[in-house]
Amino acid sequence: MKMFEEVMDWPGFVHNGTGLDYWEWKYRRRSCPGFASCAAWSNGHPVSHASWINSQMLVNGRELLAGQISDLYTHPNFRGHGLADRVLGCLNKHSLANDVEMMFAFPSSIGYEIMRKRGYFEIGSQFVQYQLITNPSKFFAQTKLGMLKRMAYEAMLAVRSPSLRGTVEEVDSFPEDVGEMTRAFEARFDLVARHSTEYLNWRYADPAGGMFRILITRQEARTTGFAVLRPYSMDDAHYMDIVDMMFDLNDPMVAQELIAAAISAAQDECADGIQTWLPGGHILAPILGRTGFLIRAPLTGERQLRMLYQTAEGEDELQKTLDRPDLKIHIMLGDTDWV
Ligand SMILES: CC(C)(COP(=O)(O)OP(=O)(O)OC[C@H]1O[C@@H](n2cnc3c(N)ncnc32)[C@H](O)[C@@H]1OP(=O)(O)O)[C@@H](O)C(=O)NCCC(=O)NCCS
């Protein structure tokens with residue numbers, strides 16, 4: 001905690017309470033308890049740090065204990081001396097001793113280079129960012145794209161705008177039965193994080209961890225889907241991310257409705273755009289396309305969502321599975337340490 005307070009301006013997003021409240025929430029109040037944290041010290045001050053936090057993953061339907069690498073940081077005055085490499089090495093030793101079957105991370109571009117050198121592999125599927133411009137007049141005024149593009153985009157949105165059945169509800173916490181719906185959803189993917197009711201409430205319903213809006217759909221009192229939204233501001237512009245979403249795959253209308261409700265929430269918040277990241281080829285992609293979302297190419301130097309992993313020694317089957325280029329993945333922003 002001392003290290004985080006002294007040298008990091010993290011987390012870089014809005015949450016309730018002090019920085020310490022956030023770190024307490026993240027490390028000590030997890031729904032899946034357990035973490036390891038390694039630091040390098042100079043004159044009694046921490047100067048480099050990395051941790052892994054326990055998380056439950058499902059690979060090919062098998063639930064396993066994984067460690068998500070987080071908070072990798074070296075004080076600017078101490079960079080380039082191999083400290084990040086050494087704290088990552090220290091984490092590996094702890095993960096082996098704690099029966100962690102795989103480690104994974106969503107690194108920055110430098111973190112990516114360091115972890116690749118340490119033998120981490122990249123998940124085959126490329127992540128794609130989707131964006132819907134909710135305020136075309138403002139957006140197109142700021143770009144060089146011009147009037148014609150704006151009119152074409154507005155016309156496309158008018159045609160594609162989905163209608164609401166009116167079953168979406170905003171809630172402060174997840175209903176108890178959501179875990180059954182998420183389990184059925186997860187069973188259709190080869191790599192996905194377990195979204196139990198306890199996990200969802202810890203992750204999104206505790207304001208110490210960040211400010212999220214939770215939408216759910218119900219049918220005859222049964223929870224059929226959820227979407228988690230994160231409004232945020234950057235350079236005087238307002239945006240909204242869809243950070244997480246799961247739904248009854250037997251009723252495609254549920255996903256459409258959640259996306260329509262997310263768009264309407266973004267408009268209420270005067271967000272100029274709504275964005276989300278998905279692994280390539282995800283079942284939600286066509287629904288986003290029908291609703292007016294376009295693929296957003298990252299700007300030069302912008303952080304690209306990529307997933308790295310390393311399996312523990314002897315986990316050959318797991319390694320083989322994760323190596324598959326056709327792996328069906330459901331990983332969204334909320335599964336990362338970006339939000
Ligand atoms: C990323 C960061 C933790 C690296 O810390 P560090 O202690 O300087 O890293 P190391 O000295 O252990 O570097 C390990 C390897 O990465 C390389 N590396 C370090 N910084 C690099 C850079 N800016 N660009 C390219 N490679 C770099 C080193 O050359 C070294 O490779 P080598 O062993 O072949 O020489 C540090 O730059 C940082 O805190 N950045 C800001 C936060 C961040 O991006 N965190 C990562 C989140 S995943």
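Considered as a group, the residues in region 179-190 that are more than 19 Å from the chain's Cα centre (by Cα) and in a helix (DSSP H, G or I) include one that is nearest to GLU63 (Cα to Cα), and that residue is ALA184. Based on this model, can you work out whether ASP316 counts as in contact (Cβ under 8 Å) with a residue 12 or more places away in the chain, in the same structural domain as PRO107 (by TED's automatic domain parsing), over 19 Å from GLN56 (Cβ atoms) and not basic (Lys, Arg)? Here the answer is no, as ASP316 does not meet what is asked. For MET307, the requirement of being closer than 17 Å to ILE123 by Cβ and aliphatic (A, V, I, L, M) is met.
Of all residues in region 58-71, count the ones that are away from the ligand (no atom under 16 Å from the Cβ), free of Cβ contacts under 8 Å to residues at least 60 places away in the same chain and in contact with a strand residue (DSSP E or B) (Cβ under 7 Å, 6 or more places away or on another chain). Step through it out loud before you land on a result.
Narrowing region 58-71 to residues away from the ligand (no atom under 16 Å from the Cβ): 58-66.
Add one more test, that the residue is free of Cβ contacts under 8 Å to residues at least 60 places away in the same chain, and what stays is 62, 65-66.
Narrowing the set further to residues that are in contact with a strand residue (DSSP E or B) (Cβ under 7 Å, 6 or more places away or on another chain) leaves 65-66.
So the answer is 2.
Does LEU299 count as surrounded by fewer than 23 Cβ atoms within 10 Å (Cβ to Cβ) and either of a type in the set (A, V, I, L, M) or without any contact (Cβ under 8 Å) to a residue 12 or more places away in the chain (or both)? When the stated conditions are applied, LEU299 passes them.
Scanning region 295-318 for residues that are under 18 Å from HIS94 (Cβ atoms) and in a loop (DSSP other than H, G, I, E, B) yields a count of 4.
In region 30-48, the residues that are closer than 19 Å to ALA208 by Cβ reach residues that are modelled with pLDDT under 90 and within 16 Å of the ligand (Cβ to nearest atom) with C-beta atoms within less than 9 angstrom, at least six apart or across chains, in these pairs: SER37/MET3.
Please determine, by comparing only the residues of region 40-57 that are under 11 Å from PHE104 (Cα atoms) and surrounded by 20 or more Cβ atoms within 10 Å (Cβ to Cβ), which one is farthest from the ligand (Cβ to nearest atom). Don't jump to the end; show me each part of the working.
Of region 40-57, the ones under 11 Å from PHE104 (Cα atoms) are 52-55, 57.
Next, only the ones that are surrounded by 20 or more Cβ atoms within 10 Å (Cβ to Cβ) stay: 52-53, 55, 57.
Numbers: TRP52: 12, ILE53: 14, SER55: 16, MET57: 19 Å.
Checking each candidate, the answer is MET57.
Residues in region 72-102 that are polar (S, T, N, Q) and either within 8 Å of the ligand (Cβ to nearest atom) or not in a helix (DSSP H, G or I) (or both) were compared, and the one that is nearest to GLN310 (Cα to Cα) is ASN98. GLU122 passes all but one of (1) more than 8 Å from the ligand (Cβ to nearest atom); (2) charged (D, E, K, R); (3) over 30 Å from PHE293 (Cβ atoms); which number fails? Here GLU122 clears every test but (3). Restricting attention to region 163-216, the residues being exposed (fewer than 15 other Cβ atoms within 10 Å of the Cβ) and at positive phi number 1.
Working only within region 221-258, note down all residues that are free of Cβ contacts under 8 Å to residues at least 24 places away in the same chain and over 17 Å from ILE287 (Cβ atoms).
Taking region 221-258 as the starting set, the residues that turn out to be free of Cβ contacts under 8 Å to residues at least 24 places away in the same chain are 221, 233-236, 250.
Correct list: ALA221, SER233, MET234, ASP235, ASP236.
Which ones in region 109-119 are touching a residue at least 40 places away in the same chain (Cβ under 8 Å), near the ligand (Cβ under 9 Å from one of its atoms) and of a type in the set (Lys, Arg)? The answer is ARG118, and nothing else.
Against the condition touching a residue at least 24 places away in the same chain (Cβ under 8 Å) and either of a type in the set (S, T, N, Q) or closer than 30 Å to ALA184 by Cα (or both), how does SER137 come out, does it pass? Criteria not met by SER137.
The values are calculated or read from the model by the stated rules, or taken from the named source; none is laboratory data. If you're wondering where the values come from, they're calculated on a predicted model, not measured in any experiment. Every residue, glycine as well, gets a Cβ built from its backbone with ideal geometry; the counts of neighbours run over all protein chains shown.
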